[in-house]
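What follows draws every value from the coordinates through simple rules; no lab data is involved. These numbers come from a predicted model, not from an experiment. Virtual Cβ from ideal backbone geometry, glycine too; neighbours counted across all protein chains shown.
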């Protein structure tokens, strides 16, 4: 996706701000609760739960918080709340398709807050299935390719970087479909995609040789819309921010394309 690297970096920066506000703790804790409830509450036997716990640790969520979330999912928490996974769909400015995953204990409240966010930012919440056919779900493994000089506190040598030819061979061995290199403030990462049912196998293959920073599921647009007008770009990005800020929302995906320059000017 054109401008994808820029958007990925913006989301990373936003995640750091959200972590300070405690929003990341809430979102990942909910993932752990649902994962523990949907399978056995034992990470060794539940890949979904194990993945959520790894995300929690990467976000520096305390072990006590993780244990409490697992207990809630297993029905052992005193304040046990039934969370429901719901997918919402809608349109942004110019017909951009938007797919939202939410975990909620009150679907009427969630729908109302989503509808308000759409209406305030030039879009509208649609019916189930209205845009879902434009996306396909993939497994994602993020691998650290290089680490920034600033973070390491010394000059990075060529030996610090992952050999990309060898990396490609390992990806193919693990059943990867494709990967994309993204430059971030902390260095370069590779986002490796595979079929959902192959995610556990691919993540283990890559972990055996490289530093894996994220294992997750991601919706990928199969058709995209080019956005080249600043006002429309601003409206779409404001909508994405507004949706991601909602407490019940876990992920937001859209099928827009825009240049990195346009995205940068929008956030300037």
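Highest-first packing order for the peptide set 192-205, 23-36 is 23-36, 192-205, based on the mean count of other beta carbon atoms within 10 Å.
Region 168-209 and region 72-127 have their alpha-carbon centroids 29 Å apart. Computed from the Cα positions only, the extents of region 190-268 along the three principal axes stand at 46, 29, 25 Å, in decreasing order.
Note on region 92-236: percent of Cα-Cα distances in each 5 Å bin, starting at 0 and stopping at the bin with the largest distance, equals 2, 8, 14, 14, 14, 13, 13, 11, 7, 3, 1. Each residue, residue 119 and residue 133, gets one label point 7 Å from its Cα in the Cβ direction; the gap between the two is 2.8 nm.
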